[in-house]
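The values are calculated or read from the model by the stated rules, or taken from the named source; none is laboratory data. Source: prediction; values computed, not measured. Reconstructed Cβ throughout: ideal geometry from the backbone, glycine too, with neighbour counts over all protein chains shown. Keep in mind that these areas ignore ligands, DNA and RNA; they rest on the heavy atoms of the full protein, side chains included. Shrake-Rupley method; radii C 1.70, N 1.55, O 1.52, S 1.80 Å.
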Amino acid sequence: MSRGAVIVTGASRGIGEAIARELAGAGYDLALVARSVEPLAALAAELDGETTCLACPGDIADWEDAQRIVGEVHERFGALHGLVNNAGVTRDGLFVRMSPENWQVPIDVNLNGTFYFTRAVSPIMMRQRNGRIVNITSVIGLTGNAGQANYAASKAGIIALTKSVAKELGGRGVTSNAVAPGFIATDMTADLPEKVRAGMLSQIPLKRFGEGKDVAGVVKFLLSPEAAYITGQTLVVDGGMIG
Ligand code: NAI
């Protein structure tokens with residue numbers, strides 16, 4: 001039996017794909033969102049079986065797309081248990097040389113995209129008097145980082161949004177939490193120079209980079225009945241990196 005429907009953004013690869021696999025295995029119906037149509041369709045087809053898994057291509061930085069996708073998913077499943085705002089991008093560069101355009105991209109995708117999907121599901125979850133919102137932020141949103149002022153600001157904004165939504169929607173039975181991964185081995189981190197990777201590894205007490213499933217397990221917990229009394233929190237999943 002299904003444990004309810006969950007929307008996962010950025011599900012075509014990386015952490016989002018790991019979250020989709022974990023949640024399908026736990027018995028949730030899924031609506032997977034990403035811009036890339038083919039990998040998304042392939043993953044949805046693979047996971048569609050014991051539970052239902054839909055591919056919902058779209059751009060999270062587009063309010064119309066967010067409303068359309070949430071509307072379609074709600075119509076298809078009749079209820080919505082959870083939303084996992086995972087899709088995200090980086091546009092790294094030194095702050096003194098950062099163009100307004102490069103500043104704007106992570107804000108549009110990471111912060112606005114999280115706002116659009118959260119805004120679109122909120123009336124549904126409030127009416128249900130039940131719902132779980134899980135936002136993937138980053139340790140960089142807590143610490144800041146040289147070369148990532150734009151990304152750090154977008155991720156810090158997600159933490160503040162998470163806390164505000166927790167306060168506003170808590171009375172209607174909706175929880176809102178964030179997960180802050182440290183260094184997770186995905187396409188996003190694959191291009192970093194070896195020197196940077198070695199430097200980061202030396203700062204991780206657990207002596208390994210994280211995997212998608214390290215984050216996915218925490219997301220599954222936040223969607224579960226065991227996490228019913230947790231809201232407004234940011235859970236750091238970084239092998240001890242930021243202490
Ligand atoms: P990734 O680059 O491997 O995957 C990103 C996913 O987001 C892809 O499915 C992509 O299609 C989707 N996406 C990007 N822009 C989109 C848009 N405008 N509309 C719809 N979908 C879009 O990234 P990764 O590493 O899996 O990261 C996932 C999340 O975790 C991101 O929010 C990232 O900031 C966060 N994170 C990642 C860390 C890491 O070390 N990999 C560390 C901390 C946070």
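Key figures
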{"read-out": "Simple label model, 7 Å out from Cα along Cβ direction - Leu201 to Gln128, nm", "value": "4.2 nm"}
{"read-out": "Counting all C-alpha pairs of region 103-145, share separated by more than 15 Å (%)", "value": "55 percent"}
{"read-out": "Modelled FRET efficiency - R0 51 Å, Phe95 with Glu50, Cβ distances, 0.05 increments", "value": "0.60"}
{"read-out": "Low-density loop cleavage sites - chymotrypsin sites (Phe, Trp or Tyr not before Pro) in region 160-243, where at most 13 other Cβ are within 10 Å (DSSP)", "value": "Tyr229"}
{"read-out": "Label point distance in nm, Ala190-Glu38, each placed 7 Å from Cα along Cα→Cβ", "value": "1.5 nm"}
{"read-out": "Most positive-pole-ward Cα, Gly88, Thr118, Leu142, against dipole of region 23-159 from beta carbon charges", "value": "Leu142"}
{"read-out": "Distance between region 184-208 and region 1-62 - C-alpha centres, whole angstrom", "value": "27 Å"}
{"read-out": "Accessible surface of the chain [probe 1.4 Å, protein heavy atoms]: carbon and sulfur percent", "value": "53 percent"}
{"read-out": "From phi via Karplus (6.51, -1.76, 1.60), per-residue ³J(HN,Hα) for region 4-20 in Hz, x at Gly/Pro", "value": "x, 9, 10, 8, 10, 8, x, 8, 6, 6, x, 4, x, 5, 4, 5, 4"}
{"read-out": "Exposed trypsin sites (Lys or Arg not before Pro) absent - longest run of the chain, DSSP non-H/G/I/E/B, at most 11 other C-beta within 10 Å", "value": "1-128"}
{"read-out": "Cα-derived Rg over Rh, computed across region 1-119 with Rh taken as Kirkwood radius", "value": "1.03"}
{"read-out": "For the chain, calculated [θ]222 nm from helices alone, where every DSSP H run of n ≥ 4 adds -39500 (n - 2.57)", "value": "-13500 deg cm²/dmol"}
{"read-out": "Vicinal HN-Hα couplings computed from phi for region 118-123 (Karplus, 6.51 cos²θ - 1.76 cosθ + 1.60; Hz; Gly/Pro x)", "value": "5, 4, 6, 7, 4, x"}
{"read-out": "Candidate lysines - alpha carbon under 26 Å from Lys207, same-chain residues fewer than 8 apart omitted", "value": "Lys155, Lys195, Lys220"}
{"read-out": "Distribution of pairwise C-alpha distances over region 57-205, 10 Å bins, in %", "value": "11, 37, 32, 16, 5, 0"}
{"read-out": "GNM result for the chain, Cα springs below 10 Å: residue of Ala61, Ala198, Ala87 fluctuating most strongly", "value": "Ala198"}
{"read-out": "1.4 Å probe accessible area per residue over region 173-243, in Å²", "value": "52 Å²"}
{"read-out": "DSSP loop GluC sites (Glu not before Pro) with at most 14 other Cβ within 10 Å: longest gap in the chain", "value": "51-210"}
{"read-out": "Accessible area (Å², per residue) of region 61-143, counting only protein heavy atoms and a probe of 1.4 Å", "value": "47 Å²"}
